[in-house]
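The structure appears right after this line, and notes come after that.
No lab work stands behind these numbers, since they all come straight from the coordinates. Worth saying up front: this structure is predicted, and the values here are computed from it rather than measured. All Cβ positions, glycine included, derive from the backbone under ideal geometry; neighbour counts span all protein chains shown.
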Number of protein chains: 2
Amino acid sequence: MPDHVIRNVRPLGGPAVDVVLDDGRISAMLPAGRAAPDLPVLVDGQGQLLLPALVESHVHFDKTLWTMPWRPNSAGPTRNHRISNEHTVLQNVQVPIAERAGPLIEHCIARGSLYFRSHVDCQTVWGLRHVEAMLAVRERYRHVIDLQLVAFPQGGLLISPGTLDLMKAALDLGVDVVGGIDPAGIDRDPIRHLDTVFQLAAHYRRGIDIHLHDLGELGRWEIERLCDMTQAFGLQGQVVISHAYSLGAFPPADLHGLADRLAALDVAIMTCAPPNVTVPPVAMLRSRGVTVCSGSDGIRDAWSPLGDGDMLERAMLIALRFGWSKDEELAMAFDMVSRGGAKALDIASYGLDAGCPANLLLLPAENIGEAIVNRSLQRTVVSRGRIVARDGVFVGA
Amino acid sequence: MPDHVIRNVRPLGGPAVDVVLDDGRISAMLPAGRAAPDLPVLVDGQGQLLLPALVESHVHFDKTLWTMPWRPNSAGPTRNHRISNEHTVLQNVQVPIAERAGPLIEHCIARGSLYFRSHVDCQTVWGLRHVEAMLAVRERYRHVIDLQLVAFPQGGLLISPGTLDLMKAALDLGVDVVGGIDPAGIDRDPIRHLDTVFQLAAHYRRGIDIHLHDLGELGRWEIERLCDMTQAFGLQGQVVISHAYSLGAFPPADLHGLADRLAALDVAIMTCAPPNVTVPPVAMLRSRGVTVCSGSDGIRDAWSPLGDGDMLERAMLIALRFGWSKDEELAMAFDMVSRGGAKALDIASYGLDAGCPANLLLLPAENIGEAIVNRSLQRTVVSRGRIVARDGVFVGA
């Protein structure tokens, strides 16, 4: 039996429809006014824009200082300084991870995201503290969001003895994805790093999501090696390269061959599109068939006090980063925080089709472009057929 | 007689004070609770952050499509395409400039800006239409904001016969500042362009604000020539170079000599800090004594549908552009949308000192950094001692 209806919303900016929901899923979209009059109304959309819930493909919930008083960033200039600064900061934070990550997740939900991939520190300095906390957070919000966790060796994998065991323990406990970080730049032994990561993924039958900040030729060379290994291990469709700054160091036309290889192996690229480094040429990659997604990265943490987790704001930042202003370009930016993210994260049944979970974002906007430009906070968020945020405020799990 | 008091606000994040207002100006700041109890309370600040009203140093109000339905960007790929596309778009807009620019200005006021410099098209295709409309808009809001207008030859000055006469007519009508655009790239005769602009400024005793998009060595060479002319015409402290992308094409250390010259001549640099082009090295320029300010540039116009006019968001975008995260860096970004703008725009009595106009922004935030990061919309704006926006909504001129 259909159980509810969302009346008079415009999917992706198209003509107004009534969305009939059945057991938490979309069962039908009918022209507005055509749904049976006796169906209980979940939302009267009043012509608002209807979007699929947004996808946050790269975040670090375990590191956030959300809800805490302002803390000036005290890190030194290099990545190693920032890593050790984070140890100092987080060791002195009394508020448990769940009490920082939880409210941040609720904020992100209220902004319209219901799919998340969060990297979780696997560092000997923490032991399993971050992993266990984030597993509990995942459990707490499992009826509202899809939260994937990545075992992330922030401090290096090979250079930091004990980290591999922590990652195994994390995967044993139910962490979803195998992480990695700068096989050359941080771990200093790229082939052994990648081999270790891919062996783990093969053993645990998990996907891979590797942080790759290494720049220029070095980073590009590592991406080639990631492709080699993806092929060798048969992990097509299971690998995401996060950041991949190096792909921004070359004329896009010089990367067609590599892009075709990424597309053939279904290796996805995640970029937050930061403006202060080189970034992957998203339009070219997409035109060659590569899946591209985006994320917030750190949100108010020891690395930077900036960040909000609003994936419509992220789409705006992407558009600004690439000088995009046309509707089809804004649609690309939107795809990176919606369907592109769902594909990269291998989320089944994403979207507005009948049969998909009713994971929806409603907001006042004429179309996708205006949603990105205005970023109205008057958002209604529906998770699995239930309202979980109203007027941009989380109303319950 | 003191006439009002704003109770319990924290100027720039410091200890709480009462701000006593007298005839639209700040007359005293006393420790919170110390203002005379019988003074009428304008705002009970409840410990909110108190900032000077923000400065929008570079905007194009006459071009905006604000309040209009979404319009896909239809421009071709080059600047000339975009200029001719704008002609087509604006020629087909029925809504008068005042009915687009006015609501946008009210939106900007509600976001906390009370000082503006708007470039106004002087193009033969428009005649004086844009100038007259913006002069009327300036008049309409003169009791609330300081709005400077720049005579802007968007389509070129020398290459477009009749433009010089339009600019003279604009200045005769009361436009404040002489504009210019790409003396080499657009006008194709840099020395004659600059000479014309400086002659106009000298004749009318006005400042200069020149758009300089020309890149690399070409743009840097033009900046040197702008310095030559500033010196030759004795216009120290009267010249702003807007955009100056070329300064981002060189290692900052190679520009110390030029920076010192800009500082000595008091030539200011305006950058919107766009992420898709090279941008001036703001931190270095400031460290050598150069005044640097920022603006929104176009807001929802034929060039791009993006833009909001929130100068706290601009400060965030600046911080992201330069990878700034420390408190002193966020303070630099804030300076560019406040005191730096006031200096570049030669605004007298700007700030929170006794005697300054009571042009104030109150919002819930611990300090400047958090104001930039959170960008709360719960903003109260006071212009010349009167509340002009509450909860982020304009409440009257």
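Summary table below
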item: DSSP bridge pairs, the stretch B:101-172: antiparallel proportion in percent, nearest 5; result: 10 percent
item: Cβ-based net charge around B:V137, under 15 Å, with every Lys or Arg adding one and every Asp or Glu removing one; result: -2
item: Sum of side-chain charges, A:W221 neighbourhood, beta-carbon under 11 Å (Lys, Arg +1; Asp, Glu -1); result: -3
item: Dmax and Rg, reported as Rg then Dmax, of the stretch B:297-361 (C-alpha, Å); result: 14.0, 43
item: In sequence order, calculated HN-Hα J values of the stretch B:3-8 (Karplus, 6.51, -1.76, 1.60; Hz; x Gly/Pro); result: 10, 8, 9, 9, 8, 6
item: Computed log₁₀ I(q)/I(0) - Debye formula, equal Cα scatterers, no solvent, the protein assembly as shown, q 0.05, 0.07, 0.09 Å⁻¹; result: -0.27, -0.55, -0.91
item: Ratio Rg/Rh [Cα only; Rh per Kirkwood] for the stretch A:95-144; result: 0.98
item: A:D189 versus B:Q199: modelled label distance in nm, points set 7 Å from Cα along the beta carbon direction; result: 7.4 nm
item: Efficiency of FRET from Cβ geometry, B:R129 and B:D165, R₀ 22 Å, rounded to 0.05; result: 0.90
item: With eigenvalues of the C-alpha gyration tensor scaled by 5 and rooted, the stretch B:1-158, Å; result: 42, 15, 13
item: Inter-label distance for B:N85 and A:H143, nm, one decimal - labels placed 7 Å from Cα along Cα-to-Cβ; result: 4.9 nm
item: Neighbour-count ranking [beta-carbon atoms within 10 angstrom, fewest first] of B:M336, A:M229, A:M311; result: A:M229, B:M336, A:M311
item: Neighbour-count ranking [beta-carbon atoms within 10 angstrom, fewest first] of A:C108, A:C227, A:C272; result: A:C227, A:C272, A:C108
item: Amide hydrogen neighbours beyond the local backbone of A:R300, cut-off 5 Å, H modeled; result: A:L306, A:G307
item: Where only C-alpha atoms are counted, convex hull volume of the stretch B:66-133 per residue in Å³; result: 118 Å³
item: Whether the stretch B:92-201 is rounded, prolate or oblate, judged on the alpha carbon gyration tensor where a/c under 1.5 counts as rounded; result: prolate
item: DSSP-defined antiparallel bridges as percent of all bridges, the protein assembly as shown, nearest 5; result: 40 percent
item: At q = 0.13, 0.15, 0.24, 0.26 Å⁻¹, base-10 log of I(q)/I(0) for the stretch A:258-331 (Debye sum, equal scatterers on each alpha carbon); result: -0.42, -0.56, -1.14, -1.24
item: Fraction of alpha-carbon pairs over 17 Å apart in the stretch A:324-385 - percent; result: 49 percent
item: Over 30 Å between alpha carbons, listed pairs B:K168/B:K343; A:K326/B:K343; A:K63/A:K326; A:K326/B:K168; B:K63/B:K343; result: A:K326/B:K343; A:K63/A:K326; A:K326/B:K168
item: Placed amide H near B:I208: partners under 5 Å, 5+ positions off or other chain; result: B:V178, B:V239, B:V240
item: Value of relative contact order over chain A, rounded to a whole percent, pairs C-alpha under 8 Å and six or more apart; result: 21 percent
item: Measure of compaction for the stretch B:212-343 (Cα Rg per 2.2 N^0.38 Å); result: 1.02
item: q = 0.14, 0.30 Å⁻¹: log10 I(q)/I(0) that the Debye formula gives for the stretch B:127-170, counting C-alpha atoms only; result: -0.37, -1.06
item: Karplus (6.51, -1.76, 1.60) ³J(HN,Hα), θ = phi - 60°, over the stretch A:378-386, in Hz, Gly and Pro reported as x; result: 7, 9, 10, 10, 10, 10, 6, x, 10
item: Teacher prompt: A:A354 distances to equivalent labels in other copies, 7 Å Cα→Cβ, nm; result: 7.6
item: The stretch A:281-342 - percent relative contact order, Cα under 8 Å, separation 6 or more; result: 35 percent
item: Sum of side-chain charges, B:D297 neighbourhood, beta-carbon under 12 Å (Lys, Arg +1; Asp, Glu -1); result: +1
item: Zero-based 10 Å bins, Cα pair distances in the stretch A:177-216, whole percents; result: 35, 51, 14, 1
item: D_trans [Stokes-Einstein, Kirkwood Rh over alpha-carbon pairs] for the stretch A:230-270, 20 °C, 1.002 mPa s, µm² s⁻¹; result: 198 µm²/s
item: Long-range Cα-Cα pairs in the stretch A:271-397 (distance over 24 Å), rounded percent; result: 32 percent
item: Principal semi-axes in Å for the stretch A:3-46 [√(5λ), Cα gyration tensor, largest first]; result: 15, 11, 9
item: Nitroxide proxy distance, nm - points 7 Å out along Cα→Cβ at B:R225 and B:A136; result: 3.8 nm
item: Antiparallel DSSP beta bridges within chain A, percent to nearest 5; result: 40 percent
item: Nearest-to-axis residue of chain A, judged by beta-carbon position, where the axis maps A onto B, in Å; result: A:P275, 2
item: For the stretch A:187-201, Karplus couplings with θ = phi - 60° (6.51, -1.76, 1.60), whole Hz, Gly/Pro x; result: 8, 6, 8, x, 5, 5, 4, 5, 4, 4, 4, 5, 4, 4, 4
item: Principal axes of chain A: Cα extent on each, largest first, Å; result: 65, 50, 39
item: Ranking of A:E222, B:E224, A:E313 by count of other Cβ atoms within 10 Å, fewest first; result: B:E224, A:E313, A:E222
item: The protein assembly as shown, dipole about Cα centre (Lys/Arg Cβ +1, Asp/Glu Cβ -1), debye to the nearest 20; result: 500 debye
item: Residues in the stretch B:98-135 that a label on B:V393 would reach, taking backbone N under 15 Å of a point 7 Å out along Cα→Cβ; result: B:107, B:110-111
item: Computed magnitude of the charge dipole of the stretch A:115-160 (debye, nearest 20; Cβ of K, R +1, Cβ of D, E -1); result: 80 debye
